[in-house]
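To keep things clear, I will list the structure first and then write my remarks on it.
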Amino acid sequence: MLTVFGSVALDTTRTPFEIRERIMGGAATYASLAASFFSPVSLIGVIGNDFPNSYYKLLEKRLNLEGLVRHSNKKTFFYDSSFDYDLSHRTTNITELNVLEDFEPAVPTGYINSKYLYLANNDPDQNIQIISKFKHPELIVCDTIEFWIENKKTSVIKMIEKTHGVVINDQEARLLCNNSNLVKCGRELLSYGPKFVVIKKGEHGVLFFYDDTIIPIPGYPLESVVDPTGAGDSFAGGFMGYLIANKSKDLLNDIQLLKESILMGSIMGTFAIEAFGTDKLFETTKLDIMNRFELYKKMLSV
Ligand code: AMP
């Protein structure tokens, strides 16, 4: 079982072609939904009194929501962002923490023995708190986002020190490491202690850092990009879910499986961005996913 902790949100997303207001989003939402194609997922998070019941019901069908708390007198975390014409560069307009501020995350007893933990974009101090509550985690992976690097950089680094893997996008890696060169950023992130680092470069794929090895992996060429929100989170969820579902005994030393899981992460990112919000992650099937995965592997065989 995979436990995912992070934001469950209402997002307003503006592209040059369409605007959608207060749709279901959140880093943990995307990651959990993507992972749920491969593994049972238990979510830890918090929503407010404005989170529509219809969204809750959709999540309930796919995830264990015992750890999702509803706050009766605060609003759900809200994120408003705009994308440029290339649907690649994003500007954050508004971040309202609402229920996330001062949230004291609790781990339901049913989750405590969970061996796999994914910490999606969230307050790094809360993430550190959550890590300490798990008994024997075998794999802890985290992400972060500009907001936390700008506001709590020391805590972000402390959090990374406690993980086995980091999945982060290129802009965030540069900001966190204060360096424009991604290879140097990857090495610096590894020096904080994790076994591997994945730097996501949007449509250009990823850089995978593992000990002294650096592997560049190109992205899947997708024609139908609608809303890039959640690509990174869905990548991480797909990566974690596939890794857990196909694990050998020594999961962290299986570099081939880690690489394959990165490919599956990329494929889950492509599904997330084909429709607004989380819509496509509800519509798509495992068969669609596996077909695209096979095609991608064929494209990459040199
Ligand atoms: P991504 O596009 O994968 O980088 O992640 C976008 C998701 O992260 C959106 O659905 C947002 O609701 C969520 N998000 C944005 N900013 C934050 C933040 N500061 N803390 C937690 N979640 C966030």
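The values are calculated or read from the model by the stated rules, or taken from the named source; none is laboratory data. As the structure is a computational prediction, the values presented were derived from the model and not from experiment. So basically every Cβ, Gly included, is an ideal-geometry build from the backbone, and we count neighbours across all protein chains shown. Side chains included, ligands, DNA and RNA excluded: accessible areas come from the protein's heavy atoms. Shrake-Rupley method; radii C 1.70, N 1.55, O 1.52, S 1.80 Å.
Leu65 meets the stated requirement of being without any contact (Cβ under 8 Å) to a residue 24 or more places away in the chain, part of a strand (DSSP E or B) and within 25 Å of Tyr116 (Cβ to Cβ).
Regarding Ile140, is this residue part of a helix (DSSP H, G or I), closer than 18 Å to Ala28 by Cβ and of a type in the set (A, V, I, L, M, F, W, C)? No: the conditions fail for Ile140. The residues of the stretch 79-92 that are more than 24 Å from Gln126 (Cβ to Cβ) and touching a residue at least 24 places away in the same chain (Cβ under 8 Å), listed by number, are Ser82, Phe83, Asp84, Tyr85, Leu87, Ser88.
Residue by residue, here is whether (1) more than 11 Å from the ligand (Cβ to nearest atom); (2) open to solvent by 30 Å² or more (accessible area, probe 1.4 Å); (3) more than 17 Å from Ala272 (Cα to Cα) holds:
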| site | (1), (2), (3) |
| --- | --- |
| Gly25 | no, no, no |
| Ser39 | yes, no, yes |
| Val46 | yes, no, yes |
| Tyr55 | yes, yes, no |
| Asn64 | yes, yes, yes |
| Ser81 | no, no, no |
| Thr91 | yes, yes, yes |
| Ile94 | no, yes, yes |
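Residues that are surrounded by fewer than 16 Cβ atoms within 10 Å (Cβ to Cβ) and among the β-branched types (Val, Ile, Thr) were ranked within the stretch 248-285; the one that is modelled with the highest pLDDT is Thr285.
When the stretch 11-43 is filtered for residues that are assigned to a strand (DSSP E or B) and more than 29 Å from Ile244 (Cβ to Cβ), the ones remaining, listed by number, are Thr12, Thr13, Arg14, Ile19, Arg20, Glu21, Arg22. The set of residues in the stretch 102-129 that are assigned to a helix (DSSP H, G or I) and within 14 Å of the ligand (Cβ to nearest atom) comprises Pro124, Asp125, Gln126, Asn127.
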